[in-house]
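Single-structure report; data block below.
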Amino acid sequence: MNLDGLNVAQKEAVLSVEGPILVVAGAGSGKTRVLTHRIAHLIESYDIFPSSIMAITFTNKAANEMKSRIEALVGPVTSQMWVGTFHSLCVRILRRDGHHIGYSRDFVIYDTADQKALIKTCFKALNLDEKQTPIKTFQYKISGCKNDMVTPEAYEINFHKDPRERDFIKLYKMYQDKLKSNQALDFDDLLIKTIELFKKYPEVLETYQKKFKYIHVDEYQDTNKAQYMFVRMLSAKHRNLFVVGDGDQSIYKWRGADIRNILDFEKDYPGAKIVKLEQNYRSTQNILDLANGVIKKNPGRRDKNLWTDAEAGEKIRYFQAYDEKDEARFIVNQIKREIREGNFNQTDFAILYRTNAQSRVLEEALNIEAIPYKVVGGLKFYERKEIKDLMAYFKLMVNGYDDVSFLRVINEPKRSIGDKTIERLNAHALERGTSLLEACATVHEIDGIGGKTAEAIAEFYKIITGLKAKLDTEYAGNIFDELVSGIKIIESYEKERSEEADGRIDNIYELKTVIEEFEKRQDHPGLRDFLAETTLKSDQDNIAEVEDGVLLMTLHASKGLEFPSVFLVGLEQNLFPSFRAQDDMEELEEERRLCYVGITRAEKLLYVTHAKNRNHFGRFEPRMPSVFLNEMDQKLIEVMGERSLAAALKDAKPKEISVFDIKTPKKNPYFANVTQKEAPVVEKTEQTFAPGDKVTHRVFGAGMVVTVDKVNNTLTIVFDAHGIKKLDPAIAPIKVIG
Ligand SMILES: Nc1ncnc2c1ncn2[C@@H]1O[C@H](COP(=O)(O)OP(=O)(O)OP(=O)(O)O)[C@@H](O)[C@H]1O
Ligand SMILES: [Mg+2]
């Protein structure tokens, strides 16, 4: 096999055939390339059967990419290898051998929606109240347990004394039983059950161990406990495990990824060969220097200095925008200019942001200039669930006959209105020849709908018709506010306390911003007009969406990918780094790794932008530049706008942008309601903490202290909905609750 396209260190890795091997290296140093070449080399030079090779990665996109890279090297035999995501490989194993542990080969896989429906059934059976604990909370908790391989039984042993955990224990057990009796597995189970199979049936494990003589894992730094176990068991016999990763790119702690898997590789696999790659083939030296400078600020990492043969390249282009629209306009103008000057094609650009809600303004700016774009791994703004729901409310206000919109929102957020009730309402409407909405007016006359359900429907009717009456007199922004508070949609997402729900809340406020901006351009209250305009616009959006457009995606979705020109946008405190990092060092370090991932996606040109003000939660607020901007070497930066980075940072008084100085976390509007309900939180306290203490944190909610480290002054706390965190008790807004 031709190894010309590899450097010395890469060759060393590719030519290592036996034993455990870890390739640990920074971004763009060819880890994925080494992994695919190694597989090709095994086949071509050692006549290894393709069917004895396994290669694992994290996303379907990455798996397909890997397959085609291998295929380009060795041709169609690729199809005999097992190349896939952890989940897809486990499915294959369970289809063949799941019968040992009671699963037929036709088991079904439950996606998140199915999973939710099943949890709901369990809620009913156990008489649990969805309003008290949202289904999502338990859904995340189950997933968290499974990622850490904690069974219901194990959970019970640890937490049975805690009365607040009893419901969860019952639910988790019932959920597992029902999955089993439905012959169903959820995503997390795919791994868990495979491991269970291997543990209970060593002879089954042995056949796979014998079959897979060579196992490969890309992005090893993001494996969680279950994935780690899976790999460990499979490779135990031959010990030919080849993993590649970069501790600096571990960005999935919130999904249970454990960076220690990579740090401990030598310990876990004695005699392992470690190969380090230092030459980067992706980016210019300026881009690399910037990345190195930022990631260096993370303590406790092994320093590695990426270098490149490539030229210094363009400087990093910095722009401070007046607000998010100005930022979007700047980006679009730059894209247009670069294309016009023949430097890049439209497919060469990627815009990376921290939160999904940021895409809206960017999409709009691209639309105005008719630049085709594609939102990768996510939905366009107007296709997102919460936005569609609110738009359906508006449609229903404008047109009470719109039964489709009615059905979309009658039980959204949850009002305990089930299929039976809908059938009865429908029959009632048919009988009277009215719309479903009108049928609600006389809900108390319908047989079989009574009590709370009837009240909920009556309330729904009241809200819609009440707002309908104001459509021509009241400003759309106010109607929006009344609707959102009337249906309690924010509260319902707040209760979930998950990243996903936080994103949805962001989007809801973003919609308010859109509405208010629209209205500013009108001389009359304009919800009707707004609705008409956006419906048209979102149709046009579809026209603009093409495969070869500008790419928009979150930083998380960009891992492993590369683009000639990258915009890293919204570099502002409490956005990137996220507000979650404001009093949590570990979160901040994870955000910094995310920043490193973002910077290192760029090949030739990198822009970093931030806005001085931003519409956020429906308010126009001043923003502080991100602490990461402060960490960027200004010598590498070229100022694009009127204001230099130095000036922006000076204005913001460096003190204010150092997260280390923040003692009192700013109140976060997400949690405004939650905070009000809780007892006042003592900020700086003389409280003492002991392992086992139940605590509540203003942002992360309820949790339990696991360890108290007096030397470093940190507490390790397991939060119900946010996993394990290390916090400084002097800074974090925590309170012992008994
Ligand atoms: N020896 C080499 N000669 C030429 N190009 C190379 C070489 N090694 C890697 N490359 C190219 O450099 C780019 C980055 O490689 P690759 O994606 O494998 O890096 P990586 O370490 O997996 O990055 P990440 O950490 O971002 O996943 C790719 O375009 C790859 O083809
Ligand atoms: Mg890679």
Consider region 612-622. How many of its residues are surrounded by fewer than 21 Cβ atoms within 10 Å (Cβ to Cβ) and within 13 Å of Gln320 (Cβ to Cβ)? 3
Residue list for region 233-272, filter: within 16 Å of ligand 1 (Cβ to nearest atom), out of contact with any Asp or Glu (no Cβ under 9 Å at 6 or more places or on another chain) and either without any contact (Cβ under 8 Å) to a residue 40 or more places away in the chain or aromatic (Phe, Trp, Tyr) (or both): Phe242
Filtering region 104-117 down to residues that are buried (at least 20 other Cβ atoms within 10 Å of the Cβ) and either assigned to a helix (DSSP H, G or I) or of a type outside the set (A, V, I, L, M, F, W, C) (or both) yields Gln115
Given (1) more than 26 Å from Leu649 (Cα to Cα); (2) over 28 Å from the mean Cα position of the chain (by Cα); (3) open to solvent by 50 Å² or more (accessible area, probe 1.4 Å), identify the lone condition not met by Thr308. (3)
Strands (runs of 3 or more DSSP E) fully within region 2-89 counting 2 or more residues that are within 14 Å of ligand 1 (Cβ to nearest atom): 21-25, 53-57
Quick check on region 423-455: of everything there that is open to solvent by 100 Å² or more (accessible area, probe 1.4 Å) and basic (Lys, Arg), which residue is nearest to Tyr401 (Cα to Cα)? Arg432
Check region 55-73 and report whether any residue there is small (Gly, Ala, Ser) and over 20 Å from Glu219 (Cβ atoms). yes
Which numbered condition in (1) touching a Gly at 6+ places or on another chain (Cβ under 9 Å); (2) part of a helix (DSSP H, G or I) is the only one that Arg282 fails? (2)
Of all the residues that make up region 246-276, how many are within 29 Å of the chain's Cα centre (by Cα) and of a type outside the set (Asp, Glu)? 16
The number of residues in region 47-76 that are within 17 Å of Lys211 (Cβ to Cβ) and at pLDDT 90 or above is 9
Conditions (1) surrounded by fewer than 19 Cβ atoms within 10 Å (Cβ to Cβ); (2) under 28 Å from the mean Cα position of the chain (by Cα); (3) at pLDDT 95 or above; (4) among the polar types (S, T, N, Q) -> Asn411 fails only (3)
Identify all residues within region 326-344 that are in contact with a Ser or Thr (Cβ under 9 Å, 6 or more places away or on another chain) and either more than 15 Å from Leu551 (Cα to Cα) or in a loop (DSSP other than H, G, I, E, B) (or both); write none if there are none. Glu327, Phe330, Glu338, Asn343, Phe344
For the condition more than 16 Å from ligand 1 (Cβ to nearest atom), open to solvent by less than 10 Å² (accessible area, probe 1.4 Å), outside any strand (DSSP E or B) and modelled with pLDDT of 80 or more, what is the one hit in Leu594, Leu588, Leu552? Leu588
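Residue by residue, here is whether (1) open to solvent by 40 Å² or more (accessible area, probe 1.4 Å); (2) more than 27 Å from the chain's Cα centre (by Cα); (3) within 16 Å of ligand 2 (Cβ to nearest atom) holds:
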| position | (1), (2), (3) |
| --- | --- |
| Val34 | no, yes, yes |
| Asp47 | yes, yes, no |
| Asn64 | yes, no, yes |
| Lys67 | yes, no, yes |
| Gly75 | no, yes, no |
With the structure loaded, tell me whether Ala321 is buried (at least 18 other Cβ atoms within 10 Å of the Cβ) and free of Cβ contacts under 8 Å to residues at least 40 places away in the same chain or whether it fails that test. no
Are any residues in region 173-198 open to solvent by 50 Å² or more (accessible area, probe 1.4 Å), out of contact with any Leu (no Cβ under 7 Å at 6 or more places or on another chain) and touching a residue at least 24 places away in the same chain (Cβ under 8 Å), and if so, which ones? Lys180, Asn182, Gln183, Phe187
Only one of (1) outside any helix (DSSP H, G or I); (2) touching a residue at least 40 places away in the same chain (Cβ under 8 Å) fails for Lys161. Which number is that? (2)
Evaluate region 146-166: report whether one residue or more is closer than 26 Å to Glu412 by Cα and under 20 Å from the mean Cα position of the chain (by Cα). no
Against the definition (free of Cβ contacts under 8 Å to residues at least 60 places away in the same chain, out of contact with any strand residue (DSSP E or B) (no Cβ under 9 Å at 6 or more places or on another chain), open to solvent by 30 Å² or more (accessible area, probe 1.4 Å) and in a helix (DSSP H, G or I)), how does Glu206 come out, yes or no? yes
I'd like to verify a number: residues in region 49-61 that are small (Gly, Ala, Ser) and within 16 Å of ligand 2 (Cβ to nearest atom), how many? 1
Among the candidates Pro564, Pro577, residue that is at pLDDT 95 or above and touching a helix residue (DSSP H, G or I) at 6+ places or on another chain (Cβ under 9 Å): Pro564
List, please: which pairs have Cβ atoms under 6 Å, are six or more places apart or on different chains, and start with a residue in region 630-649 that is of a type in the set (D, E, K, R) and end with one that is open to solvent by less than 40 Å² (accessible area, probe 1.4 Å)? Glu631/Val294; Asp633/Gly293; Glu638/Arg317; Arg643/Gln320
Give me the residue from region 564-585 that is open to solvent by 10 Å² or more (accessible area, probe 1.4 Å) and within 26 Å of Val332 (Cα to Cα) and, out of that set, nearest to ligand 2 (Cβ to nearest atom). Pro564
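The values are calculated or read from the model by the stated rules, or taken from the named source; none is laboratory data. For clarity, every value in this text was computed on a predicted model and none was experimentally measured. Cβ coordinates were reconstructed from backbone atoms using ideal geometry, including for glycine residues, and neighbour counts include every protein chain displayed. The accessibility values were calculated without ligands, DNA or RNA, using every heavy atom of the protein model including side chains. Shrake-Rupley method; radii C 1.70, N 1.55, O 1.52, S 1.80 Å.
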